[in-house]
């Protein structure tokens with residue numbers, strides 16, 4: 001079932017949680033709503049579910065206006081950050097809940113309920129826990145049960161509100177891979193709220209970046225990562241180095257140094273902020289023209305790539321530039337702390353800064 | 001080699017347990033044993049004569065019947081009360097919250113006199129009810145009313161924190177799964193607060209059985225109709241029939257103890273699952 005979010009606005013007192021937000025989600029897609037905490041992404045998800053109501057705008061489910069429909073009539077499955085399992089019910093009864101509260105004429109027979117719950121528990125690979133109670137499960141297991149419970153009523157849409165937010169790093173990673181596989185199996189339209197960019201980029205077909213109640217960019221993980229539309233997106237997705245300078249005649253001027261820019265990177269001269277990701281630098285020995293001279297402060301050579309922290313030679317504010325290079329290359333360069341190198345960005349993303357008032 | 005001394009991660013067990021037992025003995029067990037001992041001074045026949053007296057039997061029936069009924073009424077309305085206090089924000093909420101405890105603090109005689117005055121036939125509420133042919137004061141209804149009054153805080157105060165502990169998300173989850181409000185209440189909320197309701201019921205009941213001051217003024221104390229068991233004990237004491245009074249009291253104690261034991265067992269079973277590990 002497709003979801004269309006049309007011009008949704010929502011205010012809590014004087015705080016604008018959502019400001020004229022529109023998103024179209026085609027049937028079967030897995031979409032992430034990504035943004036910092038308090039950006040309105042959870043509110044938007046709750047409005048889609050019918051747990052919250054918008055001040056203005058419409059929610060269309062499969063093309064029908066569902067804005068006034070009660071949560072129980074929207075056929076959505078909702079997964080909460082803190083699981084919200086029914087503590088006094090066994091795992092089995094939790095999953096069966098949605099089937100057992102159906103009006104009598106739609107309610108499956110008890111044998112059918114047994115069969116379906118068993119199937120769902122197998123789907124989330126926890127059929128051996130059917131008779132346990134939620135307090136006896138680990139966090140990751142609880143969330144999988146919550147997912148099975150939401151899927152039991154065969155929802156047309158699955159909404160997940162920071163589902164892995166309360167879990168530790170290793171379990172998170174495992175579960176998001178598992179969620180992606182599950183989605184490929186059952187193909188239910190899913191919306192996934194998270195503040196973890198890695199999670200959003202890894203799991204989802206498309207990413208919606210939200211900041212301060214507004215959409216910043218919508219696109220595939222590759223496109224938003226490689227072509228951020230706004231400084232917020234560039235800054236939010238992955239680690240990034242930020243430079244303030246001026247664009248003049250196709251070059252970025254940082255103090256006395258000039259860096260070459262792509263033709264497409266900047267179309268007008270003026271003040272600008274530039275973003276360069278840590279892995280998009282070339283390191284040249286010594287001070288060289290066309291590069292930014294910097295001194296190596298610290299090297300962390302653990303894992304597949306070496307992380308090098310540098311400070312710009314002409315700046316003394318202690319701002320750290322982070323650069324990563326492959327371990328093989330790092331060994332060839334034979335760098336050590338205290339060395340001076342020139343940084344030449346392979347790719348720079350430049351955003352014009354609007355002239356500051358006065 | 002002697003085994004190593006094992007230290008418990010929860011220190012002070014022997015000390016705390018010692019205190020508990022000493023206090024329980026001093027405050028509860030010794031007085032109760034004294035009641036039993038005094039009762040023993042009667043022979044079986046005198047004992048049966050004291051507790052089998054039709055007036056005493058009628059008072060037992062009223063005391064336990066009205067106490068159970070009052071506790072049941074309080075479970076229903078105390079739950080509504082707790083619900084309102086937990087779920088809604090309204091002006092004067094703090095005041096209402098504080099008023100709930102008033103039956104705890106008020107001298108019971110004051111409560112009794114106030115209730116009797118208001119619900120008497122010439123009182124403001126009693127007068128209105130009289131026109132509907134309902135009589136409260138000086139009937140078993142009056143006893144029930146007084147017992148409801150003094151028992152309310154027990155249910156409210158036991159249910160309130162448990163209800164507050166139930167996350168809003170759990171109800172939202174039920175709604176998203178298609179449950180109606182009624183189904184959510186019966187299948188999700190009620191099971192969650194049931195142990196607390198039962199505790200509140202037990203406490204309200206125990207308090208009601210022992211209540212004297214507030215009941216005595218509104219009951220009218222008509223023999224065979226509106227005499228409560230504690231009144232029978234006082235009456236016997238006033239006649240210097242100490243052994244007879246303790247006989248009546250010990251029967252009350254045994255019945256109360258058995259009922260509370262039953263409720264506790266029931267509650268234990270209910271709570272076992274929910275808190276099995278968390």
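The values are calculated or read from the model by the stated rules, or taken from the named source; none is laboratory data. These numbers were taken from a predicted model, which means no experiment stands behind them. Cβ: placed from backbone, ideal geometry, glycine included. Neighbour counts: every protein chain shown.
Note on the stretch B:226-278: among residues that are surrounded by 13 or more Cβ atoms within 10 Å (Cβ to Cβ) and within 14 Å of another protein chain (Cβ to nearest Cβ), the one that is modelled with the highest pLDDT is B:267.
Of the residues making up the stretch A:44-55, at least one is free of Cβ contacts under 8 Å to residues at least 60 places away in the same chain and within 26 Å of residue A:175 (Cα to Cα). Of all the residues in the stretch B:153-196, those that are within 19 Å of residue A:146 (Cα to Cα), buried (at least 23 other Cβ atoms within 10 Å of the Cβ) and more than 9 Å from chain A (Cβ to nearest Cβ) number 0.
Yes or no, residue by residue, for (1) within 14 Å of chain B (Cβ to nearest Cβ); (2) in contact with a helix residue (DSSP H, G or I) (Cβ under 9 Å, 6 or more places away or on another chain); (3) over 24 Å from residue B:193 (Cα atoms); (4) not in a loop (DSSP other than H, G, I, E, B):
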residue: A:87; (1), (2), (3), (4): yes, yes, no, no
residue: A:92; (1), (2), (3), (4): yes, yes, no, yes
residue: A:107; (1), (2), (3), (4): yes, yes, yes, no
residue: A:113; (1), (2), (3), (4): yes, yes, yes, yes
residue: A:132; (1), (2), (3), (4): yes, yes, no, no
residue: A:135; (1), (2), (3), (4): yes, yes, no, yes
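Taken together, the residues in the stretch A:150-192 that are touching a strand residue (DSSP E or B) at 6+ places or on another chain (Cβ under 8 Å) and within 14 Å of another protein chain (Cβ to nearest Cβ) amount to 14. Counting only residues that are within 8 Å of chain B (Cβ to nearest Cβ) and part of a loop (DSSP other than H, G, I, E, B), which one in the stretch A:94-104 is farthest from residue A:133 (Cα to Cα)? Across the stretch A:94-104, the extreme among qualifying residues is A:102. Which one is nearest to the other protein chains (Cβ to nearest Cβ) among residues in the stretch A:44-69 that are surrounded by fewer than 14 Cβ atoms within 10 Å (Cβ to Cβ) and assigned to a loop (DSSP other than H, G, I, E, B)? The residue in question is A:53. Residues that are touching a residue at least 24 places away in the same chain (Cβ under 8 Å), surrounded by 11 or more Cβ atoms within 10 Å (Cβ to Cβ) and in a helix (DSSP H, G or I): does the stretch B:17-30 have at least one? No, the stretch B:17-30 contains no residue that is touching a residue at least 24 places away in the same chain (Cβ under 8 Å), surrounded by 11 or more Cβ atoms within 10 Å (Cβ to Cβ) and in a helix (DSSP H, G or I).
Of all residues in the stretch B:126-156, those satisfying the criterion of being over 19 Å from residue B:66 (Cβ atoms) and modelled with pLDDT under 90 are B:127, B:128, B:130, B:131, B:132, B:133. Within the stretch B:117-124, the presence of a residue that is within 10 Å of another protein chain (Cβ to nearest Cβ) and touching a residue at least 60 places away in the same chain (Cβ under 8 Å) is excluded. Of all residues in the stretch A:71-85, those being within 7 Å of another protein chain (Cβ to nearest Cβ), surrounded by fewer than 24 Cβ atoms within 10 Å (Cβ to Cβ) and not in a loop (DSSP other than H, G, I, E, B) number 2.
For the stretch A:318-333, state whether one or more residues are part of a loop (DSSP other than H, G, I, E, B), in contact with a strand residue (DSSP E or B) (Cβ under 8 Å, 6 or more places away or on another chain) and in contact (Cβ under 8 Å) with a residue 12 or more places away in the chain. The answer is no; no qualifying residue exists.
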